[in-house]
Amino acid sequence: MTRIFILENNGNRLYGRYAHGMEQQSDPTGRSAHEPGAKLDAGKLRYSLILRSMSGAITEVVKVAEYGARKYSVDGWRSVPDGIQRYTEALDRHNFAEINEDTDPESNLLHAAHLAWNALARLQLILEKKDGGESENGS
């Protein structure tokens, strides 16, 4: 059985769990764990593929998150009843609105950033529901 350690954000607390389907820890150059220069990072997720390559897009999504936290509450989105369905609808509304305008008139932020934020909120609720998390949000 292969596994990798994944950090997840649950509210303000980070915790880890093992997931199946990823490679055991090894050095990508073939060095043994105790050999000088070894780094056991083969098969680990490379967050830089998103964080560095898409930093502008991430910044725009964070602006939407900040806007939502000021308008509603910090992490209040997690408690929205039927969250998966409602964030799907919000995603679709911003996708449709973007046909006629780039910027949301209420927030003055890009519809594409709102769409991305709603997709991430929806995905998070789906993952939490799948992992047995709070199901009242995702029903």
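The values are calculated or read from the model by the stated rules, or taken from the named source; none is laboratory data. Keep in mind that what you see is a predicted model, and the values were worked out from it rather than measured. Every residue, glycine as well, gets a Cβ built from its backbone with ideal geometry; the counts of neighbours run over all protein chains shown. Areas reflect the complete protein model, heavy atoms only, side chains present, ligands, DNA and RNA absent. Shrake-Rupley method; radii C 1.70, N 1.55, O 1.52, S 1.80 Å.
Cβ-Cβ below 8 Å, separation at least six or inter-chain, first residue in region 78-97 and more than 11 Å from Asn118 (Cα to Cα), second among the polar types (S, T, N, Q) and open to solvent by less than 30 Å² (accessible area, probe 1.4 Å): which pairs?
These pairs meet every condition: Arg78/Asn137; Ser79/Asn137; Val80/Asn137; Pro81/Asn137; Asp82/Asn137.
Being on the phi < 0 side of the Ramachandran plot and open to solvent by less than 50 Å² (accessible area, probe 1.4 Å) narrows it down to one of Asp92, Asp131, Asp104, so name that one.
That would be Asp104, the only listed residue that is on the phi < 0 side of the Ramachandran plot and open to solvent by less than 50 Å² (accessible area, probe 1.4 Å).
Regarding region 55-66, can at least one residue be identified that is surrounded by fewer than 12 Cβ atoms within 10 Å (Cβ to Cβ), of a type outside the set (Asp, Glu) and at pLDDT below 85?
So far as region 55-66 goes, no, none of its residues is surrounded by fewer than 12 Cβ atoms within 10 Å (Cβ to Cβ), of a type outside the set (Asp, Glu) and at pLDDT below 85.
Here's a check for you: in region 54-106, which residue that is acidic (Asp, Glu) and in a loop (DSSP other than H, G, I, E, B) is farthest from Arg122 (Cα to Cα)?
My answer is Glu101.
Only one of (1) without any contact (Cβ under 8 Å) to a residue 40 or more places away in the chain; (2) over 22 Å from His114 (Cα atoms); (3) open to solvent by 80 Å² or more (accessible area, probe 1.4 Å) is not met by Leu45, so which one is it?
(1)
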